[in-house]
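Enquirer: Before we start, here is the structure in question, set down as structure tokens.
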Amino acid sequence: MTTISQPTVTLDVTPLAGYIGAEIGGVDLREELHHDVIEEIRTALHTYKVVFFRDQQIGHAEQVAFARRFGKVTPAHPHEENPPEGFPEILPIDSRRYEENLGRKRTSYDSSWHTDVTALVNPPAASILRSDILPPYGGDTAWTNLVAAYENLPAELRDLADRLDIKHRFSTRATSGSQRERKVREANLVAWHPAVRVHPVTGERALFVSPGFTRGAREIRGFTPSQSERILKLLWEEATRTEYTVRFRWAAGSVAFWDNRATAHLAISDAGHLGHDRVLYRVTLEGDIPKGVDGRESELVSGEPFHGI
Ligand SMILES: [Fe+2]
């Protein structure tokens with residue numbers, strides 16, 4: 001007979017939409033969670049692509065500690081120079097900062113559909129985002145299931161997408177000549193990724209298009225700019241069809257944890273114009289180099305791979 005430190009548990013998992021998203025109840029993220037619980041959360045993440053926790057009372061340290069149970073935690077962001085003191089892993093998504101840098105209140109830096117930092121040759125495997133200051137209404141986030149988007153394409157379009165490579169580039173909204181603009185320009189993150197990537201854990205194929213990072217380059221290998229643009233528009237639209245999405249209403253103590261290899265997300269920009277602030281904190285897990293359906297790998301064009309600390 002084997003003795004285990006804690007009985008295997010079954011998490012309370014409630015799906016939120018037909019293709020993506022589930023809420024996980026009965027877990028206190030302040031605690032050192034049992035290995036079995038971590039593995040169940042990991043399984044739920046791979047199944048539902050984004051999972052949500054409610055009413056968590058955690059700070060930066062607990063958020064980073066929770067993230068470390070799932071992989072190597074990266075620095076906050078390739079361009080982040082001012083993370084919270086003592087927490088180089090924490091990226092503030094802070095409307096007050098955007099107002100300072102961009103001259104107007106925004107509730108997110110990027111208000112287009114994107115997968116986090118896909119301009120890197122090894123984009124983060126997952127992101128964990130926690131709410132802090134929220135507008136009284138508005139400021140939701142939506143996620144889309146890129147596996148469902150791929151699987152529901154007509155077979156002929158899947159075959160074409162399987163063979164495409166798309167250029168991802170980090171471009172900035174920062175004011176020309178500003179410190180941030182200079183930093184983004186100097187780092188110049190650019191990578192080619194297969195339009196369809198195979199998930200290293202589930203083996204599922206995802207339509208890996210990240211509009212926020214492919215819109216700047218508008219380039220598919222071997223196609224003219226005009227052809228690239230028209231094919232990209234088709235893929236962006238398929239990737240973000242409403243039926244593949246879930247929309248999450250943030251509340252105090254909300255935490256979202258998404259598989260960045262199988263999703264894209266959108267910060268819905270409907271709170272900044274009302275003058276409300278919105279502050280969330282993100283950590284990301286180190287990612288692998290994506291592989292296409294034939295095993296070909298993403299290629300670094302400019303910048304450095306992004307590793308955990
Ligand atoms: Fe994001």
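Enquirer: If you only keep lysine pairs separated by 8 or more in sequence, or across chains, how many in region 12-302 come under 20 Å at the Cα atoms?
Expert: Within region 12-302, the lysine pair count is 5.
Enquirer: Continuing with the same structure: Between Glu99 and Arg68, how many nm apart are label points set 7 Å from Cα along the C-beta direction?
Expert: Calculated label separation equals 3.5 nm.
Enquirer: Can I ask one more? Can you list residues from other chains, or at least 5 along the same chain, whose modelled amide H is less than 5 Å from the amide H of Gly216?
Expert: Those lying under 5 Å, H to H, from Gly216 are Arg169.
Enquirer: Using a 1.4 Å probe and counting only protein heavy atoms, arrange Tyr19, Tyr281, Tyr244 so the residue with the most accessible area comes first.
Expert: The residues order as Tyr19, Tyr281, Tyr244, largest area first.
Enquirer: Under 13 Å from the Cβ of Thr107, count the other residues' Cβ atoms, weight Lys and Arg +1, Asp and Glu -1, and hand me the total.
Expert: -1
Enquirer: At 7 Å along the Cα-to-beta-carbon direction for both Leu160 and Glu80, put a label point, then send me their distance in nm to one decimal.
Expert: In this crude label model, Leu160 to Glu80 measures out at 3.9 nm.
Enquirer: Summing +1 for each Lys or Arg and -1 for each Asp or Glu, what net charge is found among the other residues whose Cβ lies under 15 Å from the Cβ of Ala148?
Expert: That works out to 0.
Enquirer: Something else about it: Grab the Cα-Cα distance for Ser226 and His35, subtract it from 0.36 nm times how many residues apart they are, and report the gain in nm with one decimal.
Expert: So the chain would gain 63.7 nm between Ser226 and His35.
Enquirer: Take every Cα pair under 8 Å in the chain that's 6+ residues apart, average their separations, divide by the length, and report that relative contact order as a whole percent.
Expert: 32
Enquirer: Okay, moving on. If the chain between Glu297 and Asn188 were fully stretched, how many nm would it gain, using 0.36 nm times the residue separation less the Cα-Cα distance?
Expert: Extra length from Glu297 to Asn188 when fully extended: 37.2 nm.
Enquirer: In deg cm²/dmol, rounded to 500, what helix-only [θ] at 222 nm does the chain give when every DSSP H run of at least 4 residues adds -39500 (n - 2.57) and the total is split over its residues?
Expert: So the calculated ellipticity at 222 nm is -7000 deg cm²/dmol.
Enquirer: Could you state the orientation-averaged shadow area of the convex hull built on the Cα atoms of region 111-167, in nm² to one decimal?
Expert: 5.9
Enquirer: Cα atoms only, region 12-302: Rg and Dmax in Å?
Expert: Over region 12-302's Cα set, Rg and Dmax evaluate to 18.2, 53 Å.
The values are calculated or read from the model by the stated rules, or taken from the named source; none is laboratory data. Small disclaimer: the values here were computed from a predicted structure and weren't measured. Neighbour counts are summed over all protein chains in view; Cβ atoms, including those assigned to glycine, are modelled from backbone coordinates with ideal geometry. For accessibility, only protein heavy atoms count, side chains too; no ligands or nucleic acids. Shrake-Rupley method; radii C 1.70, N 1.55, O 1.52, S 1.80 Å.
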